1. Can you find a residue that is in a helix (DSSP H, G or I) and within 30 Å of ASP12 (Cα to Cα) anywhere in the range 74-88?
2. Answer yes or no: is there a residue in the range 155-169 that is closer than 26 Å to ILE187 by Cα, open to solvent by 40 Å² or more (accessible area, probe 1.4 Å), modelled with pLDDT of 95 or more and in a helix (DSSP H, G or I).
3. Within the range 28-45, count every residue that is among the hydrophobic types (A, V, I, L, M, F, W, C) and not in a helix (DSSP H, G or I).
4. Tally up the residues in the range 101-143 that are buried (at least 19 other Cβ atoms within 10 Å of the Cβ), part of a loop (DSSP other than H, G, I, E, B) and touching a residue at least 40 places away in the same chain (Cβ under 8 Å), please.
5. If GLY19 satisfies all but one of (1) touching a Cys at 6+ places or on another chain (Cβ under 9 Å); (2) not in a helix (DSSP H, G or I), what's the number of the condition it fails?
6. Give me the pairs: first residue in the range 60-87 and closer than 22 Å to THR152 by Cβ and outside the structural domain of ARG126 (by TED's automatic domain parsing), second residue of a type in the set (D, E, K, R) and part of a loop (DSSP other than H, G, I, E, B), beta-carbon distance under 8 Å, and six or more apart or on different chains, which are they?
7. Limited to the range 147-185, what total is found for residues that are β-branched (Val, Ile, Thr) and in contact with a helix residue (DSSP H, G or I) (Cβ under 9 Å, 6 or more places away or on another chain)?
Amino acid sequence: MSSTQDIDALIDMMAKLPGLGPRSARRAVLHLIRKRALLLTPLADTMQTVAATARECLNCGNIGTADICDICTANKRANGEICVVEDVSDLWAMERSGVFHGRYHVLGGTLSALDAIGPQELRIPRLIDRVATEEVTEVILALNATIDGQTTAHYIADQLEGQVTLTSLAQGVPIGGELDYLDDGTITAAMLARKKL
């Protein structure tokens, strides 16, 4: 049995994280070990706590430590708007921007015939139920501009047609973007979504 077996196991686990390969994982683990009291022990304690307490919100699908997340329980967020996103990481990105002040609905993916993912495998039925019971006035479809994302958006729009105002995020040139670096699809979307100044 190797004297570094536990360390090697930690490196292997870290290498499974997104954005970390074996070399980055080794550097991260070495840094953690060197800063054991400052980083490694508190990180291990926090990870153990999160592993025991993290759960999906029963209402929207966000991740928190209670059955209903802080966003869903905040009365000031009950403004009649629900922003529909594919994944929790999309919700967190929207929250970082600070521009949306309503509630969210995390689908848990997109419709995909190739992967046999239909509406029942996602949280689409729950979204339809929320629209009917939560006095929702607008559903903002903030889905990725992929084929599956747009297919999902169209399906949801068909299901909610006539019940609520449906909007989607604008698509096109990002702030600070240069046309020369954009793909043809982005330029086309930007031209079709142009507005008066």
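The values are calculated or read from the model by the stated rules, or taken from the named source; none is laboratory data. Since we're looking at a predicted model, the values are computed, not measured. Here Cβ is always computed from backbone atoms with ideal geometry, including for glycine, and neighbour counts include all displayed protein chains. We work out accessible area using only protein heavy atoms, side chains counted, and drop any ligands, DNA or RNA first. Shrake-Rupley method; radii C 1.70, N 1.55, O 1.52, S 1.80 Å.
1. To start, the set of residues in the range 74-88 that are in a helix (DSSP H, G or I) comprises 75-77, 88.
Among the residues that remain, those that are also within 30 Å of ASP12 (Cα to Cα) are: 88.
Yes, that holds for at least one residue.
2. Looking for residues that are closer than 26 Å to ILE187 by Cα, open to solvent by 40 Å² or more (accessible area, probe 1.4 Å), modelled with pLDDT of 95 or more and in a helix (DSSP H, G or I), one finds at least one in the range 155-169, hence yes.
3. Kept after step one, since they are among the hydrophobic types (A, V, I, L, M, F, W, C), are these residues of the range 28-45: 28-30, 32-33, 37-40, 43-44.
Next, from what is left, pick out any that are not in a helix (DSSP H, G or I): none.
Within the range 28-45, residues that are among the hydrophobic types (A, V, I, L, M, F, W, C) and not in a helix (DSSP H, G or I) number 0.
4. 7
5. Checking GLY19 against (1) touching a Cys at 6+ places or on another chain (Cβ under 9 Å); (2) not in a helix (DSSP H, G or I), the one that fails is (1).
6. GLY61/ARG123
7. To start, the set of residues in the range 147-185 that are β-branched (Val, Ile, Thr) comprises 147, 151-152, 156, 164-165, 167, 173, 175.
So of that shortlist, the ones also in contact with a helix residue (DSSP H, G or I) (Cβ under 9 Å, 6 or more places away or on another chain) come out as 152, 156, 164, 173.
Number satisfying all stated conditions: 4.
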